[in-house]
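In what follows, a single structure is set out as structure tokens and then discussed.
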There are 2 protein chains.
Amino acid sequence: MARKQKNLPDSCGLGPALAVIGGKWKALLLWQIHQAQPCRFSELKRLQPEISEKMLIQHLREMEADGVIHREVFHQVPPRVEYSVTSAGAELDHALAPLAEWGKKHLERTEAAREKS
Amino acid sequence: MARKQKNLPDSCGLGPALAVIGGKWKALLLWQIHQAQPCRFSELKRLQPEISEKMLIQHLREMEADGVIHREVFHQVPPRVEYSVTSAGAELDHALAPLAEWGKKHLERTEAAREKS
DNA sequence: CAGCATCCTCACCGATACTG
DNA sequence: CAGTATCGGTGAGGATGCTG
């Protein structure tokens, strides 16, 4: 299990949820895996070049431990690993949608406010 | 404006949203203000004794700058300040609800898994 | 009552190099 | 290809004391 990176408060269910998607890239990763599943490690690297290899693995491992993504290893040479979202992950992705909507609206609002210059 | 505490990615609207509620206690604070508004500074301290005074103020200020809560000062002795959520804040609270639901379910799932010991 | 100022820690995250 | 290992920076967050 991902060590609760910050020991978030867990009243009202928000704490646990934020513990799962609170990493710097986790929400984005979940979203992208959900779009392009099943997808390989290198694919994720291509999709999000900004993220370092270390954080990519680390976040993937934590999300796997949290049961929101699934990791399937094909024992071949060269190695091949595919990531996909679990049902819990899909639900989480759904729960994230309204938040993303709000984020967009909020961006528009703040940009509209800034153009009063 | 709250300096994006971590420089979160902002594709798909999730970045901006997490920038607003990404602080350790922000989501919880928004939720509690929404429940008990209008509420005073000391009331928030009582409701959430775990949070330090510094973080309380800091988060309140950032959320005010982000336009999700409103801060009203009554010029009296002793001073009196009341916090309430703005309409944007109420929308955000709404968008947070599915996430909180998911968090609860996730807690149950992980606890059920743990009791296999 | 409702803050502000300071110092300090530590865990998140990045960069780089190496491996099965 | 898909990782692992290690070193180090940085800044969010905690503790404490003071003020209008």
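The values are calculated or read from the model by the stated rules, or taken from the named source; none is laboratory data. Source: prediction; values computed, not measured. Here Cβ is always computed from backbone atoms with ideal geometry, including for glycine, and neighbour counts include all displayed protein chains.
Annotations for the structure displayed:
- The set of residues in segment A:14-47 being out of contact with any helix residue (DSSP H, G or I) (no Cβ under 8 Å at 6 or more places or on another chain) and of a type in the set (A, V, I, L, M) consists of A:A19 alone.
- A:P98 vs. criteria more than 14 Å from the chain's Cα centre (by Cα), at pLDDT 95 or above and either closer than 20 Å to A:A17 by Cα or not basic (K, R) (or both): yes
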